[in-house]
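Data first, discussion second: the structure below is written as structure tokens.
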Amino acid sequence: MKMKTIQKSKWLIMFSLAMMYVLSSPLTVLAAEEEAYTPAVFATFWALLPPVVAIALALITKEVYSSLFIGILVGGLFYSGGNFEGTVLHIYNDGIISVLTDGYNMGIIVFLVILGVMVALMNKAGGSAAFGRWASDHIQSRAGAQLATVLLGVLIFIDDYFNCLTVGSVMRPVTDKHNISRAKLSYLIDATAAPVCIIAPISSWAAAVSGFVPGEDGLAVFIKAIPYNYYALLTIVMMVAMIVMNVEFGPMAEHEKNAINGDLFSMANRLNPNAEEEKGNPKGKVIDLLIPIVCLIICCVIGMVYTGGFFEGESFITAFSNSDASVGLALGSFFGLVITIVLYMCRRVLSFKESMECVPEGFKAMVPAILILTFAWTLKAMTDSLGAKDFVANLVSSASGNLMNFLPAIIFLVACFLAFATGTSWGTFGILIPIVVEALSSSDPKLMIIAISACMAGAVCGDHCSPISDTTIMASAGAQCDHVNHVSTQLPYAIVAAGVSFFSYIVAGFVRNAAISLVVAVALMLVTLFLIKNTSKDS
């Protein structure tokens, strides 16, 4: 009996050990596989298919949420090789949950919500309405309203997110008063956001680009590249010239025609039907708009240099270069919000209770933008996991040795395509600029500057065109314009600027003189607009 008990115990121990081995082995294998797992389509052309699907569906169906989700689903299926469980886990764990728990992304969402609350406060306090009344007395024409929008966009060069939402909230009453379509307002906002930031030495974009130039003085390289940044410069020239020459073409012409007749949205239902019903406090004055905006700008600048170590002894430029835009903007906007609430209480235009009622209203106004941003970030996570960056980097590296004079134009096109497909210009900088520096820093420094500028210009161009770009989404939110309407109307304008920029980079590759190349680029843009205007008249 004792022998049987001992035998049973031995078998029980052996069985337990075997079960532990069986149970632990798959976990070990799975962990090893998870670390070493590479999808079959990694770093191939197929890695770019998910964003292409999402963009195509958005433009065809005019419905952005489902289009983005289908693109995400395609990315998840490619990554898992068609496995159901793997697809679901990759989409949610590595996608949606991952991007929403990312500190940088959450800082941007906080910044968005606080700006939404501030816009609601300014509307309720009557500051926006008062500015609209003041502007209607001083801005007498549609051209004047558009030029004022461009000027404000150029002045707010610190950050593109801040630019989009601030310019939109301030200029909406003015452009509405002069029957300018929301699609045109969105274009003006979008075209003075990233294009202005990418040529401003003191901006979050300059800080980002400076960090992507290994072994070089990043800020000095950035400044040298400004005269060659044709897409940004020509976009600004194009906007002003179209306003002065009264040129409209493509779907935007239809939207502007409808706006003149009273339909600002060119759609059956407005995006935010309650937006203009809020008349605000009749005691509100222009200072109730200007003081919060100025305080917000100052607080955001302080917030950004704080994150860069300015108060720990770093110089202002160095602090700005090292700043964390997400944290800085979130901190700055919070203090701007507190100052705004205190200002309105002191001026007795809003009570504390009324100010707090604006918090959920501002949050609700930003829900569409937050939802689109979340899906766009998730789609980017899908393309990253499929090796889209590696595919493009290999493509550029293999082509860099041939046709050197045409290299800036080729890099511009590659950057356009990558930023359009992924919806990120900063990611495009990170991929292409180090490759350009490595290939050209010692052999041809002058061409390196032109090529780096082509990287930046192409990245901004692709970002400008892409419906899944953060800045494009912010511009729609700032103008309270339907997102697909904004994308479809601005695309022809962006393509024209991109085409002229492409030919300008060919000229720059051969001439290699900043002044001559820029004069040729501007002249080419003005001639193109003149031809478009005459062609539109004839048709």
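The values are calculated or read from the model by the stated rules, or taken from the named source; none is laboratory data. Quick caveat: nothing in here was measured; it's all calculated off a predicted structure. Neighbour counts run over all protein chains shown; Cβ positions are idealised from the backbone, glycine included. The area values use the complete protein model at the heavy-atom level, side chains included, leaving out ligands, DNA and RNA. Shrake-Rupley method; radii C 1.70, N 1.55, O 1.52, S 1.80 Å.
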Modelling each spin label as a point 7 Å along the Cα-to-Cβ direction, I'd like the S351/V367 distance in nm, to one decimal. 2.7
What whole-number distance in Å separates the alpha-carbon centres of region 506-530 and region 48-113? 39
Sorted by chain and then number, the residues having a modelled amide H within less than 5 Å of the amide H of G308, at least 5 places away or on another chain, are D324
Separation of alpha-carbon centers, region 160-182 and region 283-354, rounded to whole Å: 20
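Would you please put 374-385, 254-265 in order of how densely packed they are, using the mean number of other Cβ atoms within 10 angstrom per residue and starting with the highest?
374-385, 254-265
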FRET efficiency (I60, F530; Cβ distance; R0 41 Å; to 0.05) is 0.80
Rounded to whole Å, sorted largest first: equivalent-ellipsoid semi-axes of region 327-366, Cα gyration tensor: 19, 15, 6
Could you put Y79, Y493, Y37, Y65 in order of accessible surface area, largest first, with the 1.4 Å probe and the full protein assembly present? Y37, Y65, Y79, Y493
Taking 2.2 N^0.38 Å as the expected size of a compact globular protein, what ratio does the Cα radius of gyration of region 398-501 give against it, to two decimals? 1.16
